[in-house]
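Trainee: I have a structure I would like to understand better, so I am pasting it below and will then ask my questions one at a time.
The values are calculated or read from the model by the stated rules, or taken from the named source; none is laboratory data. The structure displayed is predicted, hence computed values, not measured ones. FYI the Cβ positions are ideal-geometry reconstructions off the backbone, even for glycines, and counts take in every protein chain you see. What goes into the accessible areas is simple: the full protein's heavy atoms, side chains included, and nothing from ligands, DNA or RNA. Shrake-Rupley method; radii C 1.70, N 1.55, O 1.52, S 1.80 Å.
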Amino acid sequence: MARRPIIAGNWKMNMTRAQAAQLITELKPLVADADAEVVICVPYTDIDTAVTLCKGSNIKVGAENVAWAEKGAFTGEISADMLLELGTEYVIIGHSERRQYFGETDASVNARLKTAIAKGLKPIVCVGETLEERESGKTDDVIETQVKGAFDGVSAEDAAKVVIAYEPVWAIGTGKTATSEQAEETIKAIRGVMAGLYGAAVADAVRIQYGGSMNPKNVKELMAQPDIDGGLIGGASLKAVDFSQVVNYKD
Ligand code: 13P
């Protein structure tokens, strides 16, 4: 089954509204002819601007997190309804920076994922091992625990539509990309976990991105791997030309 590549930017905590408007205006013509699905995941305060500017273009807008609760006393959180009202389509869940700095766990990732699915947001669920875990040979176990934890109680039909991002923590923002072999090997293992949970058809349908210092120079080789279906791009998504070169990796 052919999986459509998906290249998503993760702006993290960058870009004021004015900066966002400038970047999107530059980006739009550069990615207009892309074969891949193009997404930018932006800070909450940029969503309104991004949705307005991306209307009528091929760029879809995502958030960087979503609350598990529908509404109520959850100071600082943003609900799925709030995101949907603005026209948000995608949402990143369980990014390693959330796990590392904000106490996100497999259980909270699972709760957020289930809410996103129930509300109709398209989730990009992140998993990935630390350097210590990789060096002690625990990568596959860590990934399996994270994937099983995230998808606990999610139906096969819903699981097939979720995008998974494999982001080795040691490759994020460090300039150290996983080799295409390392990325392919672990992404293949993730597909294997999905096959164990849901069967071959779901494992074959689910799109799995690589993330971690992906850039115009290494994108082609990574995307040539059979199990890598796209990228989640941090630093290189903050410059229109760089991000467009990643998006148009086939050119
Ligand atoms: P970098 O591309 O800056 O390494 O960030 C990757 C990432 O965390 C995307 O979510």
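Trainee: Give me the mean projected area, in nm² to one decimal, of the convex hull enclosing the Cα positions of the chain. The partial results should precede the final answer.
Mentor: Working: hull surface 49.7 nm².
Average projection, Cα convex hull of the chain: 12.4 nm².
Trainee: Shifting gears a bit: Roughly how many nanometres apart are two label points built 7 Å out from the Cα toward the Cβ at Glu26 and Asn58?
Mentor: Label-label distance for Glu26 and Asn58, simple model: 2.1 nm.
Trainee: Within region 6-119, how many Lys pairs that are eight or more residues apart, or on different chains, come under 20 Å at the alpha-carbon?
Mentor: Working: Lys12/Lys28; Lys12/Lys60; Lys28/Lys55; Lys28/Lys60; Lys60/Lys119; Lys71/Lys114; Lys71/Lys119.
The number of close lysine pairs in region 6-119 is 7.
Trainee: Something else: Applying a 10 Å radius around every beta-carbon, put 158-164, 128-134 in order of their mean neighbour count, most first.
Mentor: 158-164, 128-134
Trainee: With a 1.4 Å probe and every protein chain left in place, work out the accessible area per residue of region 111-210 in Å², rounded to a whole number.
Mentor: It amounts to 41 Å² per residue over region 111-210.
Trainee: Taking the Cα-to-Cβ direction at Ala107 and at Leu84 and moving 7 Å from each Cα, how far apart do the two end points lie in nm?
Mentor: Taking the two extended label points, one gets 2.7 nm.
Trainee: Of the candidates Gly212, Gly76, Gly120, which one comes out as most mobile in a Gaussian network treatment of the chain with C-alpha springs shorter than 10 Å?
Mentor: Gly76
Trainee: Still on this structure, I have one more. Kirkwood hydrodynamic radius (Cα pairs, Å) of region 92-136?
Mentor: 11.3
Trainee: Okay, moving on. Pick from Ala18, Ala240, Ala107 the residue whose mean-square fluctuation is largest in a GNM of the chain, springs joining Cα atoms under 10 Å.
Mentor: Among Ala18, Ala240, Ala107, the largest mean-square fluctuation in the Gaussian network model of the chain belongs to Ala18.
Trainee: Given H placed on each backbone N at 1.01 Å, which residues far from Cys41 in sequence or on other chains put an amide H within less than 5 Å of it?
Mentor: Gly9, Asn10, Trp11, Gly62
Trainee: Further question on the same structure: What ratio of Cα Rg to 2.2 N^0.38 Å holds for region 40-81?
Mentor: 1.31
Trainee: Over 27 Å apart: what share of the alpha carbon pairs of region 1-149 falls there, rounded to a whole percent? Please list the in-between numbers first.
Mentor: Numbers: 3044 of 11026 pairs.
Roughly 28 percent, once rounded to a whole number.
Trainee: Is it possible to state the helix-based mean residue ellipticity at 222 nm for the chain, with each DSSP H run of 4+ residues giving -39500 (n - 2.57), the sum divided by total residues, to the nearest 500 deg cm²/dmol? What is it? Don't jump to the answer; show the numbers that get you there.
Mentor: On the way: 12 runs with 113 residues, N = 251.
Theoretical 222 nm ellipticity from helices: -13000 deg cm²/dmol.
Trainee: Taking a spot 7 Å from the Cα of Glu132 along the direction of its beta carbon, which residues of region 164-205 have an amide N less than 20 Å from it?
Mentor: 167-174
Trainee: In square nanometres and to one decimal, what's the mean projected area of the convex hull around the Cα atoms of region 150-251?
Mentor: Mean projected area for region 150-251: 6.6 nm², to one decimal.
Trainee: Averaging over all projection directions, find the projected area of the Cα convex hull of region 149-201 and quote it in nm² with one decimal place.
Mentor: Averaged projected hull area, Cα only: 4.3 nm².
Trainee: Let me ask something else about it. Tell me which residues come under 5 Å, amide H to amide H, from Ile93 once H is placed; ignore anything under 5 positions away on its chain.
Mentor: The answer is Ile124, Val125, Cys126.
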